[in-house]
Amino acid sequence: MAEIEIVRIPVSAENREALASALQAARSSYLAPPACTALDIAHGEGELVALIRWASAEAHREAAQLPSAGELFGQIQQLASGPPSIETLGAPASGQLAGQVALVTGGAKGIGRAVVDAFIAQGAKVAVADRDRAALAELAAAHGHQILPIEADLSTAQGNTNAVEQAVAQFGRLDTLVTNAGMFDGFSDFTNTDVAALDQGFDLLFGVNVKGMILACRAALPHLVRSGGSIIATLSNASLYPDGGGVLYVASKHACLGVVRQLAHELAPVVRVNAVAPGATRTAIGVPDVLGGPLDQTSPEISAAISSAVPLGIHAEPAAHAAAYVLLASRAAAGNMTGTVIESDGGLGIRGLRRTRGGDGLKLQFSGE
């Protein structure tokens, strides 16, 4: 079924012609036939309106993954005086989250990116707040009109408020807030970390992990009350057990678990508040420079060590956790769940004292049956 996209782009008079030219130039690449069947551009008061006709929703999605799509989105960001408003007419969305709108903080990479991909695959439209401009541009190129990239400092009240307001302005509502933005402490050992690093590291980790989470929830609350929506927090196995990081990370994630439980109580029965607690995942994770800088958990050596320590023998990819977020966001599937934490950690909670896992010999034992 054909799809019609109406894009309203706020633009100043001096940039209007340059923006129109950029859209016309894209007719040879991102907006080219046969995927894009027509492009009409009109000039309104303080805005430029593009009417784009796509052969199908699938053709639109495929075109949005072209490098030229990312180039056009980048030009629009530079020339526009505000975020575009996009209305799509065509086949209704399908999936567990059809018609829903989500805001994912820290959603440009890693687990957050996997959640964004999964939500869009299930029919949602997603606003993504992150500080990584390049990763946001990649998301925009991959998903086009189905996402709104927002560059934001999520440790501040203004950054969180702006992210929520832009999401609602773009999509008209908010059904799910995923508080995924976070920082790690690089397993900083308490006895070997000097006082100055602990002092600065505390402010940075608690500023993003705890304060940022609380501020995002508060900014989103009025809209979630209106929609009867939900909050999903990204916790960690460090929310439940020691040694999932250093003292700063473990303390911050234990605090986040407390926020989930308190808000689940305070916001019931209107807004559900749940969480996913991933274990070690194959991704790079941000660590403040004062605590050693970014930590890459994707090396074969690290993966082998983690797999040997996990009962299921898995060093998870980010996508391994995404289905849990979809479940919690679905009113139909999780309407009776609040204050729930889904542990997606390969079974750390049942790791044995004598053995990591008790079933290593099962396949051999039953191979003859």
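Quick check on segment 51-63. Is at least one of its residues in contact with a helix residue (DSSP H, G or I) (Cβ under 6 Å, 6 or more places away or on another chain), outside any strand (DSSP E or B) and closer than 27 Å to Glu151 by Cβ? No, the conditions are met nowhere in segment 51-63.
Pairs meeting the criteria (first residue in segment 107-134 and within 19 Å of Ala320 (Cβ to Cβ), second residue among the acidic types (Asp, Glu) and at pLDDT 95 or above, beta carbons under 8 Å, at least 6 apart or on different chains) are Gly107/Asp130; Ala108/Asp130; Lys109/Asp130; Gly112/Asp130. Since Ala196 meets every condition but one in (1) of a type in the set (Gly, Ala, Ser); (2) within 20 Å of Ala167 (Cα to Cα); (3) surrounded by fewer than 18 Cβ atoms within 10 Å (Cβ to Cβ), which condition does it not meet? Here Ala196 meets the rest and fails (2). Among the residues of segment 83-113, write down those that are surrounded by fewer than 20 Cβ atoms within 10 Å (Cβ to Cβ) and on the phi > 0 side of the Ramachandran plot. Answer for segment 83-113, where residues must be surrounded by fewer than 20 Cβ atoms within 10 Å (Cβ to Cβ) and on the phi > 0 side of the Ramachandran plot: Gly90, Gly95, Gly99. Within segment 128-158, the set of residues being over 23 Å from Gln100 (Cα atoms) and of a type in the set (Val, Ile, Thr) comprises Thr156 only. Close contacts from segment 265-291, counting a first residue that is not assigned by TED's automatic domain parsing to the domain that holds Ser303 and a second that is part of a strand (DSSP E or B) and at pLDDT below 95, with Cβ to Cβ under 8 Å and a gap of 6+ residues or different chains, come to none at all. Has segment 284-296 got at least one residue that is buried (at least 22 other Cβ atoms within 10 Å of the Cβ) and more than 15 Å from Asp345 (Cβ to Cβ)? Yes, segment 284-296 contains at least one residue that is buried (at least 22 other Cβ atoms within 10 Å of the Cβ) and more than 15 Å from Asp345 (Cβ to Cβ). Suppose we filter segment 149-200 for residues that are of a type in the set (Val, Ile, Thr), touching a helix residue (DSSP H, G or I) at 6+ places or on another chain (Cβ under 8 Å) and over 25 Å from Pro83 (Cα atoms); how many remain? So the count comes out to 1. Residues being touching a helix residue (DSSP H, G or I) at 6+ places or on another chain (Cβ under 8 Å), assigned by TED's automatic domain parsing to the domain that holds Ala324, assigned to a helix (DSSP H, G or I) and of a type in the set (Phe, Trp, Tyr) are represented in segment 240-255 by at least one member.
Considering only segment 138-157, I want to know if a residue exists there that is of a type in the set (D, E, K, R) and within 18 Å of Gly293 (Cα to Cα).
no
Of the listed requirements (1) without any contact (Cβ under 8 Å) to a residue 60 or more places away in the chain; (2) closer than 19 Å to Asn180 by Cα; (3) surrounded by 14 or more Cβ atoms within 10 Å (Cβ to Cβ), Val310 misses just one: (2). Looking for something surrounded by fewer than 23 Cβ atoms within 10 Å (Cβ to Cβ), out of contact with any strand residue (DSSP E or B) (no Cβ under 6 Å at 6 or more places or on another chain) and at pLDDT below 95 - is there at least one such residue anywhere in segment 171-183? Yes, the conditions are met somewhere in segment 171-183. For segment 94-133, the tally of residues that are in contact with a Lys or Arg (Cβ under 8 Å, 6 or more places away or on another chain) and within 28 Å of Glu47 (Cα to Cα) stands at 5.
Of the helices (runs of 4 or more DSSP H) lying entirely inside segment 64-146, the ones with 1 or more residues being more than 19 Å from Pro318 (Cα to Cα), not hydrophobic (A, V, I, L, M, F, W, C) and not assigned by TED's automatic domain parsing to the domain that holds Val7 are found at 133-143.
The values are calculated or read from the model by the stated rules, or taken from the named source; none is laboratory data. If you're wondering where the values come from, they're calculated on a predicted model, not measured in any experiment. Cβ sites come from the backbone with ideal geometry, for glycine too, and all protein chains shown count toward neighbours.
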